[in-house]
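**Student:** This is the structure I have questions about; it appears just below.
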Amino acid sequence: MRSLPAIERFDTGDIRIYRIPVEAFPGNFIAYAFVVLGAGVPTLVDTGSGLGYSNDDLLDGLNALHDNFGEPLALTDIGRIFVTHGHIDHFGGVGFAQERTGAKVGIHRLDRRVLIAYEERVAVATKDLRVYLDRAGVKPSLRDTLMALYGFAKKEFRSVPVDFSLEDEGEIDAFRFYHTPGHCPGQVCIQVGDILLSADHILSRTTPHQSPESITNYTGLGHYFDALTRMERVEGVRLTLGGHEDPIHDLAGRIQEIRASHQRKLSRTLDIITASPQPMTISDISKVMYPDKHAYDVLLALEEVGAHVEYLDEYGYLAVSNLDELEREDNPPLKYALA
């Protein structure tokens, strides 16, 4: 039986922010959309995935603002949609929402292509992922299984137009945008009064998934660390609401915890390579670090490990040991040892 958290209201001055839960992926994986009232035209931030029950949950949530909270709001009053980043659990319902509201759509320019040329972006990203998995040392049979899992849900979305960009340090009415790449190239955090909508950049319980910049520009651990430092310096944040999980009441403290978690992963990666009698591929390291992962989680583990290996390589802690093989072959697995 499905179970969704309750819709919650958060106030900052005269601005009301409603947090609407949607089941973004089957199995009760919850994402949040936000409706912001009193900050210019009624604004929807993120839309869920458009998969399964997600659109129904979003529509029910929007209707509940009138029916259960007494807001004088019709769907057609929603004048704009801000998409925090180009991951499908946050943008997949944008076409559905735009059709029913007539709202204008905005996203950061580095994720704009995900919306306006979705089919192209998927084709390019799929090719880049395949190259990465070969370079990570994944066996062809597992690689093909992971590629099939990667492409399964991506056939459900179609390109939609984008009307404006969410500019770094830009402001629209009471909204202020901060570009925070790393988890996603065009990720933005949005400050409204003393509330920060942090999307997936900062979450209350988990460290947001990382993937190597060798797959997608402006991802990678280096960009993510820089963006964490930037948000650490933002003043006047009383409450942080992520795109998943619980509200955060100590932004600086949570950023320190996330940074420490990644430092532990970096240290663990070095320890695994140090203990190995021979150089290791990313796949080798992933099997030691995450031995119990299955199905799609195997792909996520390979990307997470790859992001940390890439960071250590960039900063000179690791070196590729099979350069002769790299020179002879088109795309051999890279084998890493301590530098």
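**Student:** Cβ-Cβ distance below 6 Å, separation of 6 or more or different chains: which pairs start in region 240-263 with a residue that is among the acidic types (Asp, Glu) and end on one that is crowded, with 16+ Cβ neighbours inside 10 Å?
**Tutor:** Correct list of pairs: GLU245/LEU203; GLU245/SER204; ASP246/SER204.
**Student:** Would you tally the residues in region 27-81 being under 24 Å from the mean Cα position of the chain (by Cα), outside any helix (DSSP H, G or I) and either surrounded by 22 or more Cβ atoms within 10 Å (Cβ to Cβ) or touching a residue at least 12 places away in the same chain (Cβ under 8 Å) (or both)?
**Tutor:** Going through region 27-81 one residue at a time, the tally reaches 22.
**Student:** In this structure, is LEU129 within 19 Å of ARG254 (Cα to Cα) and either surrounded by fewer than 21 Cβ atoms within 10 Å (Cβ to Cβ) or among the hydrophobic types (A, V, I, L, M, F, W, C) (or both)?
**Tutor:** no
**Student:** Search region 148-158 for residues being of a type outside the set (Lys, Arg) and within 19 Å of the chain's Cα centre (by Cα), and hand back the single one that is nearest to HIS85 (Cα to Cα).
**Tutor:** Per the stated criteria, the residue is PHE157.
**Student:** Still on this model: Is there any pair linking a residue in region 213-238 that is at positive phi to one that is among the acidic types (Asp, Glu), with Cβ under 7 Å and at least six apart or on different chains, and which?
**Tutor:** From region 213-238, the pairs are GLY220/GLU213; GLY220/GLU310; GLY236/ASP194.
**Student:** Further question on the same structure: Mind checking which residues of region 143-200 are of a type in the set (Val, Ile, Thr) and either farther than 18 Å from GLU232 by Cα or not assigned by TED's automatic domain parsing to the domain that holds THR219 (or both)?
**Tutor:** THR145, VAL160, VAL162, ILE172
**Student:** Could you look through region 85-110, keep only residues that are part of a loop (DSSP other than H, G, I, E, B) and within 14 Å of VAL35 (Cβ to Cβ), and pick out the one that is farthest from the chain's Cα centre (by Cα)?
**Tutor:** Going through the qualifying residues, I end up with ALA103.
**Student:** What are the residue pairs meeting all of these: first residue in region 288-316, first residue at positive phi, second residue exposed (fewer than 13 other Cβ atoms within 10 Å of the Cβ) and small (Gly, Ala, Ser), Cβ atoms under 8 Å, and 6 or more apart or on different chains?
**Tutor:** GLY316/ALA339
**Student:** Which one is farthest from HIS244 (Cα to Cα), of the residues in region 3-26 that are of a type in the set (Val, Ile, Thr) and crowded, with 23+ Cβ neighbours inside 10 Å?
**Tutor:** ILE17
**Student:** Still on this structure, I have one more. Of all residues in region 140-159, which are basic (Lys, Arg) and either in contact (Cβ under 8 Å) with a residue 24 or more places away in the chain or in contact with a helix residue (DSSP H, G or I) (Cβ under 7 Å, 6 or more places away or on another chain) (or both)?
**Tutor:** Result: ARG143, LYS154, ARG158.
**Student:** Right, something else. Residues of region 188-230 being of a type in the set (A, V, I, L, M, F, W, C) and either more than 25 Å from ILE30 (Cα to Cα) or assigned to a helix (DSSP H, G or I) (or both), which ones?
**Tutor:** ILE215, LEU221, PHE225, ALA227, LEU228
**Student:** Are any of the residues in region 222-238 out of contact with any strand residue (DSSP E or B) (no Cβ under 7 Å at 6 or more places or on another chain), outside the structural domain of TYR315 (by TED's automatic domain parsing), closer than 30 Å to ASP134 by Cβ and not acidic (Asp, Glu)?
**Tutor:** Yes, some residue in region 222-238 is out of contact with any strand residue (DSSP E or B) (no Cβ under 7 Å at 6 or more places or on another chain), outside the structural domain of TYR315 (by TED's automatic domain parsing), closer than 30 Å to ASP134 by Cβ and not acidic (Asp, Glu).
**Student:** Tell me which residues, restricted to region 124-152, are within 18 Å of SER214 (Cβ to Cβ) and of a type in the set (A, V, I, L, M).
**Tutor:** Within region 124-152, VAL124, ALA125, LEU129, VAL131, LEU133, ALA136, VAL138, LEU146, MET147 meet the criteria.
The values are calculated or read from the model by the stated rules, or taken from the named source; none is laboratory data. The model shown is predicted, which means the values in this text are computed figures rather than measured ones. For neighbour counting, all protein chains shown are included, and Cβ atoms are generated from backbone atoms with ideal geometry for every residue, glycine included.
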